[in-house]
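For reference, the structure is listed below as structure tokens.
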Amino acid sequence: MDLGLTTEQQMLVDSVRAFVVAELMPHEDEVERSDAVPPTLIRQIRERALAAGFYAANMPEELGGGGLDHVGLALMERELGRTAFALQYIVARPSNILRACRDEQVERYLLPTIRGERVECLAMTEPNAGSDLRAMQTRAERDGDAYVINGTKHFISYADVADYIVLFAASGVRLPSFPGAEESIENQVTPFPAYSCWSFCMLPLP
């Protein structure tokens, strides 16, 4: 069995590595000293990543993404990982869950994010649950045609520069904590509640 890289895969590795060396690594010291990435630099890296075809490489070609398979993405991540996260994260790989967008969400969120016109952040982690969805406490309660979100999220990467939030919240009924539990669903009390379903929604930031 040949476990070596194909010609195309090696070309991808070489191209991404050259991009990292030329466009990202020269800014590492500046970012470390200032603890920030200047907006002008963010725009520059994004524009050059788009021109190189590395932006949204995880998204299908028919949607305007790079259409890389899992191996290609792993190789790309390995090369981007050579530099600071604050820099390589600008070469966005949008959340795959955005592919669940429907109707007006496609034009409002999915396609602009692939084109680099909008930036998302993923709000999943909570103070008392980490990123464990079964322990998530943020709730989404329907109120007419809208939902009211109650809960707390933290450690949300890119929240300071994102245009909108992909937020996870429990939207179903609370379930018993273990098989055979005698308490009713309404009276169930457990530090790690489980819910029958979860939802995600896109929330625009001011």
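In table form, for the structure just shown:
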item	result
So ASP29, is it loosely packed, with under 15 Cβ neighbours inside 10 Å, at positive phi and of a type in the set (D, E, K, R)	no
Matching residues, the stretch 29-47, being assigned to a helix (DSSP H, G or I) and in contact with a helix residue (DSSP H, G or I) (Cβ under 7 Å, 6 or more places away or on another chain)	VAL31, LEU41, ILE45
In the stretch 144-153, residue nearest to ILE90 (Cα to Cα) [restricted to those that are in a loop (DSSP other than H, G, I, E, B) and touching a strand residue (DSSP E or B) at 6+ places or on another chain (Cβ under 7 Å)]	LYS153
Failed item, numbered, when ALA49 is tested on (1) closer than 19 Å to ARG93 by Cα; (2) out of contact with any Phe, Trp or Tyr (no Cβ under 6 Å at 6 or more places or on another chain)	(2)
The stretch 115-151 - residue that is closer than 18 Å to ALA100 by Cβ and of a type outside the set (A, V, I, L, M, F, W, C) and, of those, modelled with the lowest pLDDT	TYR147
Complete set of residues in the stretch 153-190 that are modelled with pLDDT of 70 or more and of a type in the set (Val, Ile, Thr)	ILE156, VAL161, ILE165, VAL166
Where a residue in the stretch 48-77 is in a helix (DSSP H, G or I) and its partner, wherever it lies, is among the aromatic types (Phe, Trp, Tyr), with Cβ under 7 Å and at least six apart	ALA49/TYR55; ALA52/PHE19
Residue match in the stretch 99-114 (condition: at pLDDT 95 or above, touching a strand residue (DSSP E or B) at 6+ places or on another chain (Cβ under 9 Å) and of a type in the set (S, T, N, Q))	yes
Qualifying residue in the stretch 113-128 (condition: under 21 Å from GLU8 (Cα atoms) and among the small types (Gly, Ala, Ser))	no
Residues (closer than 24 Å to VAL71 by Cα and among the basic types (Lys, Arg)) located in the stretch 4-60	ARG17, ARG46, ARG48
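The values are calculated or read from the model by the stated rules, or taken from the named source; none is laboratory data. Note that the structure is a prediction, hence the values are computed from the model and not measured. Glycine also receives a Cβ, built like all others from the backbone with ideal geometry; neighbour counts cover every protein chain displayed.
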